[in-house]
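A.B. asks: Once you've had a glance at the structure underneath, I'll fire off some questions.
Please treat every number below as a calculation from the coordinates, not as lab data. A quick note: this is a predicted structure, and the numbers were derived from the prediction, not measured. Heads up, the Cβs are rebuilt from the backbone with ideal geometry, glycines too, and the neighbour counts pull from every protein chain shown.
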């Protein structure tokens, strides 16, 4: 970030919008009209449209004490793109509504937009509209992403069948452990601002927290593998919560096997440092933005041995309920506890 | 509102979402999947899609001291629908992101949603998705509306031609004067809470402020009249600002005639009470959510004599600039001043 500070009030609302949108280019042929009219215009080109909205509130979803604005802008886009991929669709357009107080400078807002546009560029998405307004206190971002898919390709949460395998991309719990490291260093810094943050060795989990990726590559792999999941969801609230969503929406039970959970070594060692159970972090940590999906057993060979996918369980009949099988073979009821319960332990 | 108070925390996020969305029904065949998955799914049915986003922030856009939550919910939808109509399109789906602090009860949130759903019902729009999150302070609403139109029917801001007539629906300045009355009574109430607000005789302008309408009927009339405007915008920031948008986007000048401005008698008399010029209120007051559009001169007969439309000026060549002609025939440069400048006088 530059050292100079330009007050937002010196530009006015329209000046700010002109400045922020100067760098915006439309790349998708479906983006007919972008910023600059009462509404954006999109040509669906014969495809279905999927629409998702996420709101990020300062002090609730992010802490600008350790999240750079550029990373925040990037992540705000990624969480929306992830929802689109979770429908087996491709994000194409996005609108951004921002409420921002005058404690932010123009240079700070530039950083935020730079992060958003970097994410858009990486995922081939056009920023086509939005709203910029003042806020009485913190920063609030509300993003709506619009994607396309062929009707027959769309994957819902409710399509899982009994006996389907439950598969997850990537690894789990890293974003949560990255947050714990950031929170610890913030607490240390508060006590003594002369202490430099000790973040060495935590690169992977810090990136999982600060610069998560949405699994565009997984959607591409599905097409190459000629694989259509029967149900899918992205992991924003933790494996437990998302597995329960698929089970409930599909009218089924689910069984997860702890020994199968994909965990990065840094996630495991950091969890031990913090006296946390890595399994619990994977189940309840959230913000991994991996994809959790079910496939028919006949498609087992398509994911078997792939470094990108791990089979973590399977769908059962509804009467069998929601179960977690531990490493010793013991069964426990599967619950969505969320972060709060996790940290109270 | 009921007297009982249920804390939002007693429901949890998912309980709240279930409660709020229980009343949501999908009416449009184009709404394939609503709330309950990673994203909503829309079938465009061969039409273009238009998308608009507006964010409303407590303390900036509304004051819950005199705006009932039900009215706020209604208005939040209307301002978005108005943007869709301004494209000569029809709103079909909407997503709602809400950040809300624990000072609001469940009953209060129910009121807000009731207002939103009333507006959706009146305009045939489906609530298909959104996000509900906590806020550290005030209430923030971010709404994205999606509409449809045939490609050849869409009207942009930039389509006006030299010599086109500038036409406005309804009357102007009422919403602004309604706000002045509310602010005055709030100030009186602050000084002496025993004084009852004196709102008698101000019904029309109070409704213009608290329960504005989006001009769905005007879009229908265009179809019946076989009229396609050359350019269009909705009046959210005042006639001056919107006329300038059309002129600039179309690369033209514009001339407005003060004597033509449609003003309701209550707006005029209230403006005089407040020692304000009614013309200035129409030019800079905003929030009227009327439609401002241009038509070719050959279409003059289609709007002439209509009680719904008033010709307020015409488009000139760019070199002629932006002009306001007063009742005495004097010319003044047309500027978008906004509310702030208006109240400093």
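A.B. asks: Just to be sure I understand: if I project the alpha-carbon convex hull of segment A:1-97 onto a plane and average over all orientations, what area do I get in nm²?
C.D. replies: Details: hull surface 32.7 nm².
The Cα convex hull of segment A:1-97, projected and averaged over all directions, gives 8.2 nm².
A.B. asks: Under the definition of Cα pairs under 8 Å and six or more residues apart, what whole-number percent is the relative contact order of chain A? Before the final figure, lay out each step's value.
C.D. replies: Numbers: 719 pairs, mean separation 70.8, N = 345.
With pairs under 8 Å counted, the relative contact order is 21 percent.
A.B. asks: Would you mind telling me which residue in B:327, B:216, B:208 has the biggest mean-square fluctuation in a Gaussian network model of chain B, where springs connect alpha carbons within a distance under 10 angstrom?
C.D. replies: Judging by the Gaussian network model, the answer is B:327.
A.B. asks: Quick one: if the Förster radius is 45 Å, what FRET efficiency do residue B:217 and residue A:161 give, using the C-beta to C-beta distance and rounding to 0.05? Let's see the in-between values first.
C.D. replies: Values: r = 49 Å, r/R0 = 1.08.
Working from the Cβ atoms, E equals 0.40.
A.B. asks: Given segment B:228-281, report the % of alpha carbon pairs whose separation exceeds 12 Å. Walk me through the numbers before you get to the answer.
C.D. replies: Working: 1014 of 1431 pairs.
Of the Cα pairs, 71 percent sit more than 12 Å apart.
A.B. asks: Enter the per residue convex hull volume of segment B:79-168, computed from alpha-carbon coordinates, in Å³ rounded to the nearest integer. List each step's numbers first, then the result.
C.D. replies: Numbers: hull volume 11.9 nm³, N = 90.
Measuring per residue, one finds 133 Å³ for the Cα hull of segment B:79-168.
A.B. asks: Quick check: from the Cα gyration tensor, does segment A:7-62 come out rounded (a/c under 1.5), prolate or oblate? Intermediate values should be presented prior to the final figure.
C.D. replies: On the way: a/c = 2.94, a/b = 1.35, b/c = 2.17.
Oblate is the answer for segment A:7-62, as a/c is 1.5 or above yet b/c matches or exceeds a/b.
A.B. asks: Roughly what would the spin-label model give for residue B:226 and residue A:199, points 7 Å off Cα along C-beta, in nm?
C.D. replies: Going by the 7 Å Cα→Cβ label model, 6.7 nm.
A.B. asks: Relative to the longest principal axis of chain B, what angle (0 to 90°, nearest 10) does the C-alpha long axis of helix B:69-85 take?
C.D. replies: The helix B:69-85 is inclined about 50 degrees to chain B.
A.B. asks: Distances in nm, one decimal, shortest first, from residue B:137 to the same residue in every other copy, taking the label point 7 angstrom along Cα→Cβ.
C.D. replies: 0.6
A.B. asks: Give me the Å³ per residue figure for the convex hull around the C-alpha atoms of segment A:26-156.
C.D. replies: Working: hull volume 13.9 nm³, N = 131.
With only Cα atoms used, segment A:26-156 gives 106 Å³ per residue.
A.B. asks: Now for a different question. Tell me the relative contact order for segment B:1-98 as a rounded percent, counting alpha carbon contacts under 8 Å between residues six or more apart. Please list the in-between numbers first.
C.D. replies: Working: 42 pairs, mean separation 18.7, N = 98.
The normalised contact order for segment B:1-98 reaches 19 percent.
A.B. asks: A further question follows. Distances from residue B:308 to the same residue in each other copy, label points 7 Å out along Cα→Cβ, in nm, shortest first?
C.D. replies: Here residue B:308 shows inter-copy label distances of 5.3 nm.
A.B. asks: Using the Kirkwood radius over C-alpha pairs as Rh, can you work out the diffusion coefficient of segment B:203-300 via Stokes-Einstein at 20 °C, viscosity 1.002 mPa s, in µm² per second?
C.D. replies: Working: Rh = 14.8 Å.
Roughly 145 µm²/s, to the nearest whole number.
A.B. asks: Per residue, how big is the convex hull around the C-alpha atoms of the protein assembly as shown? Give it to me in cubic angstrom, could you?
C.D. replies: Details: hull volume 122.4 nm³, N = 690.
Hull volume normalised by residue count: 177 Å³.
A.B. asks: Ok, one more. Where q = 0.15 Å⁻¹, what log10 of I(q)/I(0) comes from the Debye formula for chain B, counting one point per Cα?
C.D. replies: Debye output, listed in q order: -1.28.
A.B. asks: Would you mind checking the radius of gyration and Dmax of segment B:157-344 based on alpha-carbon positions, in Å?
C.D. replies: Cα only, segment B:157-344: 17.3, 59 Å (Rg, Dmax).
A.B. asks: How far, in nm to one decimal, is residue A:269 from itself in the other copies if the label point is set 7 angstrom along Cα toward Cβ? Shortest first, please.
C.D. replies: Inter-copy label distances (nm, one decimal, shortest first): 8.1.
A.B. asks: On to the next question. Find how many whole Å separate the alpha carbon centroid of segment A:14-79 from the alpha carbon centroid of segment A:97-158.
C.D. replies: Each part's Cα centre sits 3 Å from the other's.
A.B. asks: Mean-square fluctuation check for chain A, GNM, Cα pairs under 10 Å: which of A:109, A:195, A:303 is largest?
C.D. replies: A:195
A.B. asks: Using only C-alpha positions, report the orientation-averaged shadow area of the convex hull of segment B:151-216, nm², one decimal. Walk me through the numbers on the way to the answer.
C.D. replies: Values: hull surface 28.7 nm².
Its average projected convex-hull area is 7.2 nm².
A.B. asks: Along the Cα-to-C-beta direction of residue A:103, a point sits 7 Å from the Cα; which residues of segment A:35-63 have their amide N less than 13 Å from that point?
C.D. replies: Only A:58-60, A:63 pass the distance filter.
A.B. asks: So what's the gap between the Cα centers of segment B:169-230 and segment B:268-282, to the nearest angstrom?
C.D. replies: Each part reduced to its Cα centre gives a spacing of 14 Å.
A.B. asks: Okay, moving on. Among A:140, A:266, A:325, rank each residue by its count of other Cβ atoms within 10 Å, from fewest to most, as a rough exposure measure.
C.D. replies: Starting with the residue having the fewest Cβ neighbours, the order is A:325, A:266, A:140.
A.B. asks: Give the distance, in whole Å, between the Cα centre of segment A:288-319 and the Cα centre of segment B:292-331.
C.D. replies: The two parts, judged by their Cα centres, are 64 Å apart.
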